[in-house]
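Let me begin by presenting the structure, written as structure tokens, before commenting on it.
Laboratory data are not the source of any read-out in this text; all were calculated from the coordinates shown. Just so it is clear, the model here is predicted, and its values are computed rather than measured. So basically every Cβ, Gly included, is an ideal-geometry build from the backbone, and we count neighbours across all protein chains shown.
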Amino acid sequence: MISIKNLQGLPEWKVLQNSCKAMSVLDAILSQDWIYRYSSYNSEWSENEEFFEMRNGEGDQLLILFTTAGAVINGYLSEADQEAKDKLTAGLPETYHEFIFGEPVNSTGTTFCIWTTADGNWTTGHVPAGEGKSEELLSLLDGKPETYVNWATDYFKGSYKETGIPRETVSRIFKGETLTTEMVFSIIEVLEDAEQLKEDLIEISYPYHIIE
């Protein structure tokens, strides 16, 4: 399982980016109310930068910045001891400094920091002693549709069809296939606000063809 001490399960950053978009699309389908979503994605964070946020509702968060050359992950665990940020970010490339030392990361806090090196590999600064719950947040980043289905089946219980969250549809979304009306209704019975979903998909920059 992925943790701060074991980064081998993290996929190549481009694969991670696509997975983050997929999870945000699925969350937007399963919960049209943003406040109850676990994941959200902003493809227009700034010029040549995109932003992903994951929050568990208990104060823990992942904030990820994707650039044209790599990615950086800021993790915050509310119950963990907060160590010196300069130790947690030791060796962090300057290209990520504005994000990690600016907002919203500065206000959120930093418990751990993971980033890609020039060769595309994942690395981290100081590994805090009480890294504990990092697995809970990081495990969803393995890029596997089945991991999302297993997690969402519990988290979004009551929001999807009685037949369950279809693995085939989730796999298609993880592959980046155009989202269709049929795919949406393979997951949920009723789409309360098609326009809201379209707005979310535009923000994520995910292709769709949805008929109201």
Based on alpha-carbon centroids, what's the gap between segment 16-92 and segment 179-199 in Å, whole number please? 24 Å
Taking S39, S3 and counting other beta carbon atoms within 10 angstrom, the fewest-first order is S3, S39
Which lysines does K14 reach when only Cα atoms under 23 Å apart count, and residues fewer than 8 places away in its own chain are ignored? K5, K144, K175
Which helices count as membrane-span-like in the chain under these terms: full DSSP H, at least 18 Å along the axis by C-alpha, Kyte-Doolittle mean of 0.0 or more? 13-30
Value of relative contact order over the chain, rounded to a whole percent, pairs C-alpha under 8 Å and six or more apart: 25 percent
Arranged by the count of other C-beta atoms within 10 angstrom, fewest first, what order do D142, D200, D119 take? D119, D142, D200
Could you pull out the GluC sites (Glu not before Pro) across segment 13-60 that fall in loop regions by DSSP (anything but H, G, I, E, B) with no more than 13 other Cβ atoms inside 10 Å? E47, E58
Selection of trypsin sites (Lys or Arg not before Pro), segment 161-212, meeting DSSP coil and at most 14 other Cβ within 10 Å: K161, K175
Using the Cα centre of the chain as the reference point, and only Cβ charges (+1 on K/R, -1 on D/E), how large is the resulting charge dipole? Debye, rounded to the nearest 20. 620 debye
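Using the 2.2 N^0.38 Å rule of thumb for compact globular proteins, work out how the chain stacks up: its C-alpha Rg over that value, please. Intermediate results must be reported in sequence, preceding the final value.
Working: Rg = 17.1 Å, N = 212, 2.2 N^0.38 = 16.8 Å.
The chain yields a ratio of 1.01.
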With a 10 Å Cβ neighbour count serving as the proxy for reagent exposure, in which order, fewest first, do T117, T108, T163 appear? T163, T117, T108
